[in-house]
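Notes follow once the structure below has been shown.
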Amino acid sequence: MLLIKNGMIHDAITPDPFRADILVKDGKIAKIEADIDAPEAEIFDASGKDIYPGFIDAHTHIGMFGYGGDVTKDDVEKYDRCTPEQRGIDCINPEEPTFRAAAMAGVTCVCVGPGSVGCIAGTHLAMKTRGDRVDDMVVKDPVAMKMAFGENPKRALMDKLTTRMTIAATIRETIMKAKEYDQLKQLANGDISKMPRYDAAMEAMIPVIRKEIPMKAHAHRKDDIFTAIRVAKECDVRLTLEHVSDGGSVAETLAKEGYPIVCGPYLYQTKKTENFNGHPSAAVKLVKAGCQVSVMTDSPIVAEEYLPLVAGLLMREGLDEFEALKTITINPAKHLGIEDRVGSIEVGKDADLVIAKGCPMDTRVKAETVFIQGVKVC
C-alpha cells in the first residue's frame, strides 16, 4: 500500500482544489480523506505540493514511428482506401524512449493508432505509458476506428481517389457493407453453411456498426467536419471529431450536435492550408460554447511530453485552469470511453497521479513525481 499525505488535490471533478490524503492499494485509489491512518502503508509526503490526475492524450501515434535515426514509420498503410482490419496494437514499440519521456512528464495514458491516410485506417487503443509489453499496457482495445476526411487521403491516395466525394462515398459503402455482413452472420445463427465468407475488414467494422466504438474522424475544414457528421447520422454510428481546426467559427453549432471533440495539434508550424485555423483560441471557443473538448499532441507531430503545455496554451487564450485541466484528464477519458478507470482522482480509479510544485500546464513547472497504477515512475 501507498499513502500520499497532505497534498493539494486537483481532482478534475470539482473546480476547487482541496487538501487530503490518498491511500493506494493494488494500483487503485482506495480512499481520499484527511488524516488517513494506515501504519502498514509506505508514506509519500506531498506537503506543499499539488496532485493531479495522470494526463491523457486522446490522439497520438506514439510508438509507431521509431526514434531518432531508427525511423520505422508503421503508422499508415498506403495500398488501399480502406484497411479497417489493421490494429494499432500490432505495430507499437513500447521500448521507444518517447514512452519514458511521456510518463516522466505526467502523461500516463495515451490513445494510439494508425494515421489519416486511408479513408478507414484501422483501430486505436488506449494504453498506459509504463511497461515493456503492449498487451500488459492496454486500458481498452479498441476504443475507436480511425477514418479520415479531407486532404490527407486525397494527397496520399491520389492514384485511388481524387475528391472528397469519393472519400465520403467509400466510408458510407464500407459501413453499409459491414451492416449487411453482420445481418447475414446473425441470420445464420451459428450455422456455418449459412455464414458469409470470412472477411477481416468487415469483422473489424462490426464494433462500429453495433455502436460499441465510434468513428474517430480526422477533419479540419468546416465542410469535412459536417460531412463526417452527415455520414455518421446517415449510417447510424457513433462519432468523435478529431483536429477540428475550423471549429471555432462553428462552435455553437457543434455544441448543439454534441459530439466529443479533440483539438490540435498546436506548438508546431502547419504545412497544410486546411488547418491554418487550428489555433488554441478555437478550442477555447468550443469549450465556452459547451462542447466536450480535449487537446492532443498528435505525437510525434508534437512531443508527447508537451501535452500539459498544450493545455496551457488554452489558459493563455483565456480558459481557466480547471477547464484547461479537464482537456487532458476527464474529457479525453470520456472521449475514449475509459472514464471508469482514469481521468480524475476518485476512489476506485487507477492510481495515476502527477505531483508537482504548482501547475504543470505552466511552462515553469515540471512534474516531480509520477505514479502509474501506484508504481512510481519518476
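The values are calculated or read from the model by the stated rules, or taken from the named source; none is laboratory data. Because the structure is predicted, anything quoted here is derived from the model rather than measured. Neighbour counts run over all protein chains shown; Cβ positions are idealised from the backbone, glycine included. Only protein heavy atoms, including side chains, enter the accessible area calculation; ligands, DNA and RNA are left aside. Shrake-Rupley method; radii C 1.70, N 1.55, O 1.52, S 1.80 Å.
For the range 89-149, give the magnitude of the charge dipole about the Cα centre (Cβ charges: +1 Lys/Arg, -1 Asp/Glu; no others), in debye to the nearest 20.
220
With a probe of 1.4 Å, find how much accessible area the range 1-156 has per residue, and write the answer as a whole number in Å².
Result: 40 Å² of accessible area for each residue.
Treat every Asp and Glu Cβ in the range 246-337 as -1 and every Lys and Arg Cβ as +1, leave all other atoms uncharged, and give the resulting dipole magnitude about the Cα centre to the nearest 20 debye.
120
Whole number in Å², please: accessible area per residue of the range 202-347, 1.4 Å probe, ligands, DNA and RNA not counted.
Working: 5440 Å² over 146 residues.
So the range 202-347 comes to 37 Å² accessible per residue, rounded to a whole number.
Wrap a convex hull around the Cα atoms of the range 107-253, take a quarter of its surface area, and give that in square nanometres.
11.0
Of GLY150, ALA102, HIS124, which is farthest towards the positive pole of the range 70-172's charge dipole, taken about the Cα centre with +1 and -1 on the beta-carbons of Lys, Arg and Asp, Glu respectively?
My answer, from the dipole projection, is GLY150.
Report GLU85's accessible area, 1.4 Å probe, all protein chains in place, as a number in Å² to the nearest 10.
Approximately 70 Å² of GLU85 is accessible to the 1.4 Å probe.
Ranked by accessible surface with a 1.4 Å probe, highest first, in what order do MET165, MET147 come?
Final ranking, largest accessible area leading: MET165, MET147.
Distance in nm between label sites at ARG133 and ASN189, each 7 Å beyond Cα in the beta-carbon direction?
Between ARG133 and ASN189, the simple spin-label model gives 4.2 nm.
For the chain, calculate the relative contact order in percent as a whole number, restricting contacts to Cα pairs under 8 Å that are 6 or more residues apart. Please list the in-between numbers first.
Numbers: 912 pairs, mean separation 76.3, N = 378.
It comes to 20 percent, rounded to a whole number.
With labels modelled as points extended 7 Å from the Cα through the Cβ direction, what inter-label distance (nm, one decimal) is found for ALA200 paired with ARG341?
With each label placed 7 Å out from Cα toward Cβ, I get 2.5 nm.
Using packing as a proxy for protection, rank 181-189, 32-40, 200-208, 224-232 so that the peptide with the highest average count of other Cβ atoms within 10 Å comes first.
The packing order, highest mean first, is 224-232, 200-208, 181-189, 32-40.
Just from its helices, what would the mean residue ellipticity at 222 nm be for the chain, if runs of 4 or more DSSP H residues each count -39500 (n - 2.57) and the sum is divided by every residue, rounded to the nearest 500 deg cm²/dmol?
-8000 deg cm²/dmol
Could you calculate the FRET efficiency of LYS233 with SER281 from 1/(1 + (r/R0)^6), where r is the beta carbon distance between them and R0 is 41 Å, rounded to 0.05?
Step by step, r from the Cβ atoms, then E = 0.90.
Filter the cross-link list LYS31/LYS216; LYS179/LYS334; LYS31/LYS128 down to pairs whose alpha-carbon distance in this structure exceeds 29 Å. Intermediate results must be reported in sequence, preceding the final value.
Values: LYS31/LYS216 35 Å; LYS179/LYS334 26 Å; LYS31/LYS128 22 Å.
The pairs that break the limit, which is 29 Å between Cα atoms, are LYS31/LYS216.
So, R0 is 25 Å and r is the distance between the beta-carbons of MET1 and ARG100; what FRET efficiency does that work out to, to 0.05?
0.45
Counting only protein chains, not ligands or nucleic acids, how are VAL139, VAL295 ordered by accessible area (probe 1.4 Å), most first? Each step should come with its number before you reach the end.
Numbers: VAL139 25, VAL295 0 Å².
The ranking, largest first, comes out as VAL139, VAL295.
What is the diffusion coefficient of the range 303-360 in µm²/s, taking the Kirkwood radius over Cα pairs and the Stokes-Einstein relation at 25 °C with a viscosity of 0.890 mPa s?
Taking Rh from Cα pairs, D becomes 200 µm²/s.
Over its Cα atoms, what ratio of radius of gyration to 2.2 N^0.38 Å does the chain give?
Against the empirical 2.2 N^0.38 Å value, I get 1.00 for the chain.
What distance in nm lies between label points placed 7 Å from Cα along the C-beta direction at ALA34 and MET176?
6.3
Over 25 Å apart: what share of the alpha carbon pairs of the range 220-327 falls there, rounded to a whole percent? Can you show the working numbers first?
On the way: 951 of 5778 pairs.
That tail contains 16 percent of the Cα-Cα pairs.
Return the carbon/sulfur percentage of the accessible area of the range 284-353, one whole number, probe 1.4 Å, all protein chains in place.
47
Could you sort ASP159, ASP298, ASP223 by their accessible area in this structure, using a 1.4 Å probe and putting the largest first?
Ranked from most to least accessible, the order is ASP159, ASP223, ASP298.
Using only the Cα atoms, what convex hull volume per residue in Å³ does the range 254-378 have?
119
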